[in-house]
Amino acid sequence: DTGVSQNPRHKITKRGQNVTFRCDPISEHNRLYWYRQTLGQGPEFLTYFQNEAQLEKSRLLSDRFSAERPKGSFSTLEIQRTEQGDSAMYLCASSLTRDSGEKLFFGSGTQLSVL
Amino acid sequence: DAKTTQPTSMDCAEGRAANLPCNHSTISGNEYVYWYRQIHSQGPQYIIHGLKNNETNEMASLIITEDRKSSTLILPHATLRDTAVYYCIGRAYGQNFVFGPGTRLSVLP
């Protein structure tokens, strides 16, 4: 168990640029989540995959955000035309089961700064 | 999802028990109480969860009141490494984990 890996750890970009983050979940986990966290707040749910299927997206998620999990393994989160308000920590989590005993395992996140 | 309320911050002396309260007066019968913590610059870490009965694992104990309107997370012998933000979450099968602002626990030497 090597844990959930996220790359890059930090990303600085200029407003209007596109950015892409990668998440490698724990190998046997079929569920993958993306969260966003700003300073002083708890993580906010963005979207969720079961295997390669994206099953849920937050209603608050802008159309500039898109996520994929093409082979049911790693996932990417892309933000197009970044805005300063997109500056946050982007967290990925994976789990093995969605039943009552589901436990999320989080990566260390990607810190995005939009200048 | 059940709305939970937690104190904004708490202090605890190193070596003493840390008791972190959580109110979840609107929790429904099928919602479990989960606790996660987040140490600075890391992602949240699962601690423990329970439905009705008290639970204990290698990290902590979870005490849930009989009416299930509140719970307490107990770290029996807090260390400096337990300094973190602790999140209490009410969550039913199939629901997402909804994180509030949590309690910032400071373990003092």
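The values are calculated or read from the model by the stated rules, or taken from the named source; none is laboratory data. Treat the numbers as computed from the prediction; the structure is a model and nothing was measured. Glycine gets a Cβ as well: all are built from the backbone with ideal geometry, and neighbour counts include every protein chain shown. Quick note on the areas: whole protein, heavy atoms, side chains included, nothing else; ligands and nucleic acids left out. Shrake-Rupley method; radii C 1.70, N 1.55, O 1.52, S 1.80 Å.
Just a few scattered comments:
- Every residue from the range B:6-48 that is at the interface with chain A (Cβ under 10 Å from one of its Cβ atoms), open to solvent by 40 Å² or more (accessible area, probe 1.4 Å) and of a type in the set (Gly, Ala, Ser): B:Ser41
- Conditions (1) more than 14 Å from every other protein chain (Cβ to nearest Cβ); (2) free of Cβ contacts under 8 Å to residues at least 60 places away in the same chain; (3) not small (Gly, Ala, Ser): number failed by B:Leu105: (2)
- Which numbered condition B:Leu51 misses (of (1) open to solvent by 60 Å² or more (accessible area, probe 1.4 Å); (2) of a type outside the set (Ser, Thr, Tyr); (3) within 12 Å of another protein chain (Cβ to nearest Cβ)): (1)
- Test for A:Gln84: is it more than 28 Å from B:Thr103 (Cβ to Cβ), polar (S, T, N, Q) and in contact (Cβ under 8 Å) with a residue 60 or more places away in the chain: yes
- Scope the range B:75-95; condition among the aliphatic types (A, V, I, L, M), surrounded by fewer than 17 Cβ atoms within 10 Å (Cβ to Cβ) and farther than 18 Å from B:Ser28 by Cβ; matching residues: B:Leu80
- Residues that are without any contact (Cβ under 8 Å) to a residue 60 or more places away in the chain and either part of a strand (DSSP E or B) or over 17 Å from the mean Cα position of the chain (by Cα) (or both), drawn from the range B:22-36: B:Asn23, B:Gly29, B:Val33, B:Trp35
- Selected residue [crowded, with 17+ Cβ neighbours inside 10 Å and modelled with pLDDT under 95] from A:Leu91, A:Leu104, A:Leu46: A:Leu104
- Take the conditions (1) closer than 26 Å to A:Gly109 by Cα; (2) of a type in the set (Ser, Thr, Tyr); (3) part of a strand (DSSP E or B); B:Thr72 misses just one of them, which is (1).
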